[in-house]
1. If you go through segment 30-81, how many residues are without any contact (Cβ under 8 Å) to a residue 12 or more places away in the chain, of a type in the set (D, E) and farther than 12 Å from A111 by Cα?
2. Could you grab me the full set of residues in segment 1-37 that are among the aliphatic types (A, V, I, L, M) and farther than 17 Å from L186 by Cα?
3. Restrict the check to segment 133-147 and report whether at least one residue is surrounded by fewer than 19 Cβ atoms within 10 Å (Cβ to Cβ), touching a residue at least 40 places away in the same chain (Cβ under 8 Å) and among the polar types (S, T, N, Q).
4. Right, L140: in contact with a Ser or Thr (Cβ under 9 Å, 6 or more places away or on another chain) and not small (G, A, S) or not?
5. Let me confirm something: among A117, A109, A194, which residue is within 21 Å of D40 (Cα to Cα), out of contact with any Pro (no Cβ under 6 Å at 6 or more places or on another chain) and either among the hydrophobic types (A, V, I, L, M, F, W, C) or within 16 Å of the ligand (Cβ to nearest atom) (or both)?
6. May I ask you to list the residues in segment 1-28 that are within 15 Å of the ligand (Cβ to nearest atom) and either at pLDDT below 95 or under 15 Å from the mean Cα position of the chain (by Cα) (or both)?
7. Kindly indicate which of L44, L51 is away from the ligand (no atom under 16 Å from the Cβ) and within 28 Å of D190 (Cα to Cα).
8. Consider F126 carefully, then state whether it is at pLDDT 95 or above, under 15 Å from L186 (Cβ atoms), within 15 Å of the ligand (Cβ to nearest atom) and hydrophobic (A, V, I, L, M, F, W, C).
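The values are calculated or read from the model by the stated rules, or taken from the named source; none is laboratory data. Not measured: the values here are computed from a predicted model. Every residue, glycine as well, gets a Cβ built from its backbone with ideal geometry; the counts of neighbours run over all protein chains shown.
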Amino acid sequence: MSDFIYRFIPGKGERTLLLLHGTGGNEADLLPLGFAIAPDASLLSPRGKVLENGASRFFRRLAEGVFDEEDVIERANELAEFVSSAARKYDFDLNALIMVGYSNGANIASAMLLLGALKARGAILFRPMVPLSRPPEHPLDDCEVLISGGRFDQIATPDQVNALVDLLRERRARVDVRMQEGGHELNDRDVKTARDWLAPSAVA
Ligand code: MLT
């Protein structure tokens with residue numbers, strides 16, 4: 001397996017959550033969120049390999065909100081390979097994988113989806129942006145996506161969220177959008193929204 005630092009916590013259920021932290025986070029950050037939204041799921045949580053002034057990220061950026069798209073593509077493919085080899089090592093089903101990303105983690109998750117780099121059952125994207133300006137036309141039928149944005153988010157603005165929703169829907173992903181009364185930080189409503197969306201009746 002490629003050299004990501006990561007945590008894997010086996011769960012009792014069929015599902016695995018791929019937890020992808022935001023800039024400056026690490027592999028421990030989203031574990032409590034994972035337990036809170038899907039207590040029976042296995043959790044796979046890698047640490048982003050790019051360092052920006054000591055802060056871990058999943059891909060390089062040229063400035064705030066300006067992404068190095070070549071690097072986005074390279075890192076998305078590398079991360080997808082890591083997840084596939086983790087699935088073989090820990091024997092979990094990629095068809096039952098849900099990506100759960102926050103901010104920079106949401107952006108690498110949607111890059112993997114748009115590029116068709118990783119097959120997944122669905123994704124929960126907290127405060128996402130558009131990761132690629134001209135993504136390929138890879139179809140996303142059968143992929144269910146929950147987007148939780150912040151109405152007052154100055155980084156992942158509502159315009160960015162809407163543009164990403166359009167890209168995903170154009171590729172036939174089923175997208176639910178919830179705009180929270182907040183900014184870029186996660187809050188209790190995000191956790192409740194994700195937990196309810198993951199409840200067995202929504203995504204089996
Ligand atoms: C990114 O760089 O992916 C976004 O600007 C979100 C962030 O990490 O600040």
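1. 1
2. Correct list: M1, I5, I9, L17, L18.
3. Within segment 133-147, one or more residues are surrounded by fewer than 19 Cβ atoms within 10 Å (Cβ to Cβ), touching a residue at least 40 places away in the same chain (Cβ under 8 Å) and among the polar types (S, T, N, Q).
4. Judged against the criteria, L140 is not a match.
5. Unique residue meeting the criteria: A194.
6. Correct list: L20, H21, G22, T23, G25, N26.
7. It is L44.
8. yes
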